[in-house]
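Note sheet for the following structure.
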Amino acid sequence: MMPKLRGAAAPLTLVLLAFPVCSSTAETHGRSVAVNEKYKIDERVILDVQKPGYLNFAVDPATKAPHLLISGFQAFGKDHLTSITGWDRGLTSTGELDTAVLNKEITWPNEARMVESKIFSGEGLLVAGGFLVPGKSTGAVTFVPWNHPENAVVLTTPKKGWYYHRTEEWDVNSDGLIDLVTARGTMPMVGKPDGELIWLENPGPASAGMPWKEHFIARGPDVHFRILNHALPASEKDLPLTIISTEFSTRKLTVLRRTEDGNFQNVVLDNTLGAAFDIQLNDLNADGKIDLLVTNHEPDSKASVFGYEFDPYTLKILKRHTLLTGIETRQKGIKQASPGTILAFHPTLSAGNASSKPWILVSGDGSQRAHLLVPENENGAENWSYREHVIWNAESTVGQSTVGDLDGDGRIEIIIPAYDKNKVAVFTVTPLKLQSPRRR
């Protein structure tokens, strides 16, 4: 999201803020839209949530209960990282939802995600923070312990005016300890914007609580990236560390591959897509190969979603496909643009569905909408055509959306934040020939 200047684990501790983060007030409209001959989208509930910017889906490591993570931020006042659970009751009665404020000290929390216990000797959340808003531009990467969120640890050394959006893990120096990779950017009032990809060296448990040592990888990546090795099949796991990055300020898509001497080869994949923004890795055309799913962030008809066929050995783009273009930016104000983040997912938890083409959820950001792209042909590898469905006209900046089975009935929920309206909408993907819902 690019908002503009305007054992059984111990239970999560509820911390009250000076403002209500999530209230039990909700709207339920019951709107239903068929997206193809197999599925429909049912509107379930719209919650009141304070300035929701980034959403993510997490599962409690002990109870396996689904949690909705909400990163909320604003130009003035406290920001918040919040968790909502109790969805097995709350989708039909929002007063039954359990809301916990995990942290209100992280500056402008962006993407928050669960990480494995082997990294920090306990489960928790990694939160990337900061943005170009005055007073909140110096961000950090923070670890928030799941069972004791009050004991959050900042892993980065402060760098004035630099902010973070995403983290991923990899044992970069092959010492048996999982390290972190992150990108950070800056847009100073005077001077040129800049970005850099770095990795944070895991010091081991003996140095817990201290900032991790930073290692420079490359200049340019400033917002989002993905480690390609995580998505590759087992037969290709021997490839060196390879990172696909979007460079928003320099307007290009790049790949970085580690060489034998420990440095990184830097290859430009596309410098014609506009202001590169988000990237996901997925087999988009069901041919058994990983593709690149990328958005730009543009104020005019160039606002688009792209799919790239990519050779992980030669580091070359085989073909670029435009999946959606001409996305209208409807948000008023200076430097508004579209779209935002992107997510490929399968509409059902059925194991047999994993080999078919995924759906694509586009968080519109300045378009004020959530766009759902459904493949026109589920199996044809040469067919890259999609049908667009606007599943929610939020009339607000739409931040990072997420998907997951919130209530445990075997169906996928699509959850969308409307930042300016202080709303979060929940939709369910329902098969048109629905089998009896299962419960955990």
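Brief remarks follow.
- THR325 satisfies every condition listed in (1) at pLDDT 95 or above; (2) open to solvent by 30 Å² or more (accessible area, probe 1.4 Å); (3) in contact with a Leu (Cβ under 9 Å, 6 or more places away or on another chain) except (3).
- Scanning the stretch 237-252 for residues that are under 27 Å from HIS297 (Cβ atoms) and open to solvent by 30 Å² or more (accessible area, probe 1.4 Å) gives PHE248, SER249, THR250, ARG251, LYS252.
- Checked against the criterion of being closer than 21 Å to GLU382 by Cβ, among the acidic types (Asp, Glu) and either surrounded by fewer than 17 Cβ atoms within 10 Å (Cβ to Cβ) or out of contact with any helix residue (DSSP H, G or I) (no Cβ under 6 Å at 6 or more places or on another chain) (or both), the candidates ASP300, ASP278, ASP287 yield just one match: ASP287.
- The residues in the stretch 358-367 that are buried (at least 24 other Cβ atoms within 10 Å of the Cβ) and not hydroxyl-bearing (Ser, Thr, Tyr) can be counted, and the count is 5.
- Pair list, Cβ < 9 Å and 6+ apart or interchain, from the stretch 290-311 residues that are within 16 Å of PRO375 (Cα to Cα) to residues that are β-branched (Val, Ile, Thr) and assigned to a loop (DSSP other than H, G, I, E, B): VAL305/ILE327
- Of the residues in the stretch 134-157, none is touching a Lys or Arg at 6+ places or on another chain (Cβ under 7 Å) and open to solvent by less than 10 Å² (accessible area, probe 1.4 Å).
- The sole residue among ASP222, ASP300 that is more than 23 Å from ILE360 (Cα to Cα), part of a loop (DSSP other than H, G, I, E, B) and among the acidic types (Asp, Glu) is ASP222.
- Within the stretch 203-217, the set of residues being at pLDDT 95 or above and either open to solvent by 50 Å² or more (accessible area, probe 1.4 Å) or under 16 Å from VAL115 (Cβ atoms) (or both) comprises TRP212, LYS213, GLU214, PHE216.
- Counting only residues that are in a helix (DSSP H, G or I) and either among the charged types (D, E, K, R) or surrounded by fewer than 22 Cβ atoms within 10 Å (Cβ to Cβ) (or both), the stretch 90-126 holds 6 of them.
- One residue alone among VAL49, VAL45, VAL59 is buried (at least 18 other Cβ atoms within 10 Å of the Cβ), under 20 Å from the mean Cα position of the chain (by Cα) and either closer than 19 Å to TYR419 by Cβ or modelled with pLDDT of 50 or more (or both), and that residue is VAL49.
- Residue count for the stretch 262-275, restricted to those that are farther than 17 Å from ILE198 by Cα and either acidic (Asp, Glu) or open to solvent by 40 Å² or more (accessible area, probe 1.4 Å) (or both): 4.
Residue by residue, here is whether (1) surrounded by 24 or more Cβ atoms within 10 Å (Cβ to Cβ); (2) of a type in the set (Asp, Glu); (3) under 28 Å from GLY90 (Cα atoms) holds:
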| position | (1), (2), (3) |
| --- | --- |
| LEU349 | no, no, yes |
| SER356 | no, no, no |
| ASN383 | no, no, no |
| ASP407 | no, yes, yes |
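- Sole residue being open to solvent by less than 30 Å² (accessible area, probe 1.4 Å) and over 26 Å from SER32 (Cα atoms), chosen from ALA394, ALA337, ALA344: ALA337
- Tally of residues being under 20 Å from GLU111 (Cα atoms) and among the β-branched types (Val, Ile, Thr) across the stretch 245-304: 4
- Residue satisfying all of: in the stretch 412-422; touching an Asp or Glu at 6+ places or on another chain (Cβ under 7 Å) and closer than 22 Å to LYS40 by Cβ; surrounded by the fewest Cβ atoms within 10 Å (Cβ to Cβ) among these: ILE412
The values are calculated or read from the model by the stated rules, or taken from the named source; none is laboratory data. Note that this is a predicted model, so its numbers are computed, not measured. A quick note on method: Cβ atoms are made from the backbone with ideal geometry, for glycine too, and the neighbour counts reach across all protein chains shown. To get the accessible areas, we keep the full protein, side chains included, count just its heavy atoms, and leave off ligands, DNA and RNA. Shrake-Rupley method; radii C 1.70, N 1.55, O 1.52, S 1.80 Å.
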